[in-house]
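Chemist: First, the structure itself, so that you have it in front of you.
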Amino acid sequence: MNIFNELELNTENPAVLSIKKTEKSQMIAIGLGKGAILKKHKTGVSTNLVVIKGAIEFHINDEKLNFNEGDVHEIPVEMEHEVVGLEQENIFILTKEL
């Protein structure tokens, strides 16, 4: 599997690709075209985000955090957040501990 080939990015909706899921963890790739939004939501489990292509703006607690390729961020549990794609192609991986 090649994440870059599998995800079809657009400016309307996030593209989602399941990479691996076990009883203890889940890994997914999210792709956003420029200006596309992963709408406000919360995670109930410990989740790490790794940007592998492009750049994203991460909105949480009335803050805007910018992440670029190679950046890693631990998403706080039960805190509402939103993600916006900044470049033409933006891909990040989420790893959740279930």
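Coordinate-derived values only; no laboratory data. This is a predicted model, so every value here is computed, not measured. Cβ coordinates were reconstructed from backbone atoms using ideal geometry, including for glycine residues, and neighbour counts include every protein chain displayed.
Chemist: Would you list, by chain and number, the aspartates and glutamates whose Cα falls below 17 Å from the Cα of Lys20, excluding same-chain residues fewer than 8 positions away?
Modeler: The reachable aspartates and glutamates, counting only those whose Cα sits under 17 Å from Lys20, are Glu6, Glu97.
Chemist: How big is the Cα convex hull of the chain in projection, averaged over all directions, in nm²?
Modeler: Average projection, Cα convex hull of the chain: 5.7 nm².
Chemist: Can I ask one more? How far, in nm, would the chain grow between Asn10 and Leu65 when pulled straight, counting 0.36 nm per residue and subtracting the alpha carbon separation?
Modeler: Stretched out fully, the Asn10 to Leu65 stretch lengthens by 17.6 nm.
Chemist: In nm, give the distance between the simple-model label positions of Lys24 and Met1, each being 7 Å from the Cα along the Cα-to-Cβ direction.
Modeler: Between Lys24 and Met1, the label points sit 1.9 nm apart.
Chemist: Quick check on my link table: of Lys34/Lys96; Lys24/Lys53; Lys53/Lys96, which ones sit more than 22 Å apart, alpha carbon to alpha carbon?
Modeler: From the list (Lys34/Lys96; Lys24/Lys53; Lys53/Lys96), the Cα-Cα distance tops 22 Å for Lys34/Lys96; Lys24/Lys53.
Chemist: Under 8 Å for C-alpha pairs, at least 6 residues apart: give me the relative contact order for the chain, rounded to a whole percent.
Modeler: 35 percent
Chemist: So which GluC sites (Glu not before Pro) in segment 52-92 are both in a DSSP loop and have at most 12 other Cβ atoms within 10 Å of their Cβ?
Modeler: Taking segment 52-92 and a limit of 12 other Cβ atoms within 10 Å, the loop GluC sites (Glu not before Pro) found are Glu78, Glu80.
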